[in-house]
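These notes concern the structure reproduced below.
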Amino acid sequence: MKNYKMIIQYEGTRYKGWQKQGNTNNTIQEKFENILHEMTGKKTEIIASGRTDAGVHALAQTANFKCDTNKNCGEIMDYFNKYLPDDIAVLSVDEVDLRFHSRLNAKSKTYEYSLCAINKPDVFTRRTVYYIDVCPDTEKMRIASQKLLGTHDFKGFSSLGKTKKSTVRTINSIEITENGSYINIRINGSGFLYNMVRIIAGTLLDIGLGKADAQCIDLIFNTGKRENAGITLPSKGLKLVEVLY
């Protein structure tokens, strides 16, 4: 039995997220496990660094699986890529220690939310960028984003219901960059709650558009109430950029 680590890329537009579900077979995990079953003749679970929701993309998702096969790493990668649809690709396959676990061993993750302030969406980025009509004040967004750094209870920045699990997370960095009309919000942290990045991005966008001020972030932390934060921006603008171990 060997343990294999994969780096995977996908455009999530037409999928119901990473995790396989009982009511649909249109998930990315399901696509991989079906191909692996064909390759090995056995049902094998593929574990990702974390679930990406319906419509969310990945530049470099990390996943691992354990199996017995005579194929080398290059042959495994070629086998997956031969049968995967065009919007999913395996970038690399490496044999790793049997104890490696894509989710439990992850030290930090980087997500990026992409916005564009023009009236008509570009035909080549319309499925991976959220288009807005008005250009926000990115300097106000940068100043406000500094309040999010460090370790906090991010319950108010999530769509979680009641939970007994900890909602404390650590944000290591937030970078807001501009390239013409495009604005990217890149966030690195120890881990993220359900919809956390999309709500942070929505809150910063509200601040940039003058719909809220930076003090609302203190209010969200103090109350833990979701209604005090900004909207949950659409999933299509979000992508998982990198997972560090």
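General remarks:
- Comparing Thr232, Thr125, Thr167 in a Gaussian network model of the chain (Cα springs below 10 Å), the most mobile by mean-square fluctuation is Thr125.
- Each of Thr163, Thr40 has its accessible area taken with a 1.4 Å probe; listed largest first, they run Thr163, Thr40.
- Considering only Ile174, Ile220, Ile118, the Gaussian network model of the chain with Cα springs below 10 Å gives its largest mean-square fluctuation to Ile118.
- Largest first, the residues Arg51, Arg126 sort by 1.4 Å accessible area into Arg51, Arg126.
- Cross-link pairs exceeding 28 Å in C-alpha to C-alpha distance, out of Lys107/Lys140; Lys66/Lys155; Lys107/Lys155; Lys20/Lys107; Lys5/Lys225; Lys31/Lys165, comprise Lys107/Lys140; Lys66/Lys155; Lys5/Lys225; Lys31/Lys165.
- Cα-based reach from Lys109 at 12 Å (exclusive), listing aspartates and glutamates while leaving out same-chain residues under 8 positions away: Glu242
- Tail fraction, Cα-Cα pairs, the stretch 153-194, threshold 13 Å, whole percent: 61 percent
- Over all orientations, the stretch 88-136 has a Cα convex hull whose mean projected area works out to 5.9 square nanometres.
- For the stretch 88-245, the solvent-accessible area works out to 52 Å² per residue, with a probe of 1.4 Å and every protein chain left in place.
- The value of relative contact order for the chain, using C-alpha pairs under 8 Å at least six residues apart, is 24 percent.
- Intensity falloff of the stretch 113-237 expressed as log10 I(q)/I(0), Debye formula with alpha-carbon point scatterers, at q = 0.20 Å⁻¹: -1.12
- Descending semi-axes in Å of the chain, equivalent ellipsoid built from Cα gyration tensor: 35, 20, 15
- Result for the chain in a Gaussian network model with C-alpha springs under 10 Å: among Asn228, Asn188, Asn119, the largest mean-square fluctuation is at Asn119.
- Inverting the pair-averaged 1/r between distinct Cα atoms of the stretch 25-128 gives 15.8 Å as its Kirkwood hydrodynamic radius.
- For the stretch 80-115 versus the stretch 157-173, the inter-centroid distance based on Cα atoms is 23 Å.
- Portion, in percent, of the accessible area of the chain that falls on carbon or sulfur, probe 1.4 Å: 47 percent
- Each of Asp86, Asp94 has its accessible area taken with a 1.4 Å probe; listed largest first, they run Asp86, Asp94.
The values are calculated or read from the model by the stated rules, or taken from the named source; none is laboratory data. Since the structure is predicted, the reported quantities are computational estimates derived from the model, not experimental observations. Keep in mind that these areas ignore ligands, DNA and RNA; they rest on the heavy atoms of the full protein, side chains included. Shrake-Rupley method; radii C 1.70, N 1.55, O 1.52, S 1.80 Å.
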